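J.: Provided herewith is a single structure, encoded as structure tokens, for subsequent inquiry.
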Amino acid sequence: MSNHKITDNLNALFDILPPGLSEPINSLGRNDDLIEVILDLGRVPTARFSQEELVLREKEISREDIAYVVQRVGEFDGDNRAGLERTLHRIAAIRNRSGDIVGLTCRVGRAVYGTTDIIKDFIESGKSLLLLGRPGVGKTTMLREAARILAEKKRVVIVDTSNEIGGDGDVPHPAVGKARRMQVASPSLQHEVMIEAVENHNPEVIVIDEIGRELEALAARTIAERGVQLIGTAHGNTLENLLINPTLADLVGGIESVTLSDEEARRRGTQKTVLERRSNPTFHTLIEIQTRDRLAIHEDVATAVDSLLRGEPLVPEIRSREESGEIKIRKKPQRARLKKTPAGLKRESAYQTPGVDKQARGDLETLSLFTYGIARDRMSKAARELEVPIDLKERVQDASVAVTLKHHYRNNPKPIMTAEDLGMPIYVLRSNTRKRMERFLKDVFNLKDSSLSEDEEEALEQTQGAIQAVLNGERWVELPPATSYIRRLQHQMVRQANLSSHSYGKDPNRRVRVFRDEE
């Protein structure tokens, strides 16, 4: 943050506080870290900083203290917010059942110049951009800075529902630069002002804070379809949060239930009813603000949503700002995938592990393996069963290959990030079962099961998919025709899953049907 210029007008906020409350804050010398001042009736006043709270006095807040502040701020609007003219500070009220104000949150508003350097390329790309993050992480600050930068070259209109972007009063805060600002009389009218901005003022960019209602999501789609760039924020911390929110899911394309044909369901190894993306997303790119100096970026929202719905690991691009001010970008990595290697062909993956592609188990070199979220005892048993040598390492730096589970990989834990920085092969397993681990070890050691052909292995994989589909609620699944030997193996697999199966038809078209016991 050392390269950032901060304007906070803190004196204006201190001037409205009851006498004597600002001195303890100033005495700390940490005004840049102040988040808000809390004044609740019958409680001691406190100042909240990023890591702690400070009691400003031992005397409790009285009704006179509340009235002192209320008389010095602007009028409270429909969402119980007020402001100080030509500043970015926000005063939010808590009322009792009679409508009287019994609490105040005096939040510090800062104009921070230079926060968008980390995503300047996306802001200037012309594509619509959606920011997510927890309250207080800096979404509105970044939105304000984006409006100022774009207004230097484009026609920018800010739809300012609670005057948080442009500040209170009729004249917007200098932090928004040349951008024009439209205020909203009531939060429930935000969607109408969004459409009005496009129809009346010919903007090239619309900036909108806190999209939270269905009508606002529909208005955003209408604006995007007219070719106007949208830069906005929405309620939610991650893309997954947004996707399961029925009100806002349309911002990222929405989801709908689709019924597959029997053949397609078997091919995918899923039940017949699946979730798919309904339409093109309103926003092209989504940025999760994890901290003020670390962002997770989904450059192509459509692709990211499709990956989520298919149950694939969601791996965003990570950008972070070092203490020196340097911006570090970790591009979305190419993941190792557990695919079979056809007989007679050498593996050509960038994740080839030297020395482990020999066929004879006695000549295999020991694989130094780091596991994250994997049951190490099961991995050891799987290795003993396959008679392959592995050495489980405690530190990722000591390994040559890393393996983790899908949901861990999506969360970008530090050890996996370290493995990626080292250029280490990373394998992602769908589940923590020994069967998955054996498949992984066969793949990484380039071993084949001599008892089964490629076609036979594929048939058994289809069987596993059918079992899972029935367990997920499918009434029954019929498998492709198979030999008597494969059908016998298929029946064994079904019995192990506590399901039922029968063979139908005549050879060579005889096949197995998998179903629940109650059929």
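What follows draws every value from the coordinates through simple rules; no lab data is involved. Since the structure is predicted, the reported quantities are computational estimates derived from the model, not experimental observations. Here Cβ is always computed from backbone atoms with ideal geometry, including for glycine, and neighbour counts include all displayed protein chains.
J.: Please give, to one decimal in nm, the separation of the simple spin-label points placed at Val258 and Asn509, each 7 Å out from Cα toward the Cβ.
T.: Spacing of the two 7 Å Cα→Cβ label points: 3.0 nm.
J.: How big is the dipole moment of the chain about its Cα centre under a simple scheme where the beta carbon of each Lys and Arg is +1, that of each Asp and Glu is -1, and everything else is neutral? Debye, nearest 20, please.
T.: 1580
J.: Separate question: Helix-derived [θ] at 222 nm for the chain: sum -39500 (n - 2.57) over DSSP H runs of at least 4, divide by residue count, nearest 500?
T.: Computed ellipticity for the chain at 222 nm equals -8000 deg cm²/dmol.
J.: Calculate log10 I(q)/I(0) of the stretch 114-330 for q = 0.10, 0.12, 0.16, 0.17 Å⁻¹, where I(q) comes from the Debye formula with a single equal point scatterer on each Cα and nothing for solvent.
T.: -0.45, -0.63, -1.05, -1.17
J.: Something else about it: In whole percent, what relative contact order does the stretch 149-305 give with Cα contacts below 8 Å and a gap of six or more residues?
T.: 16
J.: Which of Phe76, Leu150, Val55 sits farthest toward the positive end of the charge dipole of the stretch 30-167, with +1 on the Cβ of Lys and Arg and -1 on the Cβ of Asp and Glu?
T.: Leu150
J.: So, one more: Do you know the relative contact order of the stretch 42-139, to the nearest whole percent, from alpha carbon pairs under 8 angstrom that are 6+ apart?
T.: 14
J.: To continue, here is another question. Work out the charge dipole of the chain with +1 on the Cβ of Lys and Arg and -1 on the Cβ of Asp and Glu about the Cα centre, then indicate which of Ser162, Ala219, Leu88 is farthest towards its positive end.
T.: Result: Ala219, furthest along the dipole toward the positive end.
J.: Students often get this wrong, so check it: of Lys414/Lys442; Lys127/Lys154; Lys153/Lys328; Lys272/Lys435, which have C-alpha atoms separated by over 23 Å?
T.: Lys414/Lys442; Lys153/Lys328; Lys272/Lys435
J.: Continuing with the same structure: Counting other C-beta atoms within 10 Å, which of Leu243, Leu130, Leu54 has the fewest, and how do the rest follow?
T.: Lowest count first: Leu54, Leu243, Leu130.
J.: OK, next. May I ask for the Kirkwood hydrodynamic radius of the stretch 218-298, worked out over all distinct Cα pairs and given in angstroms to one decimal?
T.: It is 14.6 Å.
J.: Among DSSP beta bridges whose residues both lie in the chain, state the antiparallel percentage, nearest 5.
T.: 60
J.: Determine the dipole magnitude for the stretch 203-302: charges of +1 sit on the beta-carbon of Lys and Arg, -1 on that of Asp and Glu, nothing else is charged, the reference point is the Cα centre, and the result goes in debye to the nearest 20.
T.: Using Cβ point charges on Lys, Arg, Asp and Glu, the stretch 203-302 gives about 240 debye.
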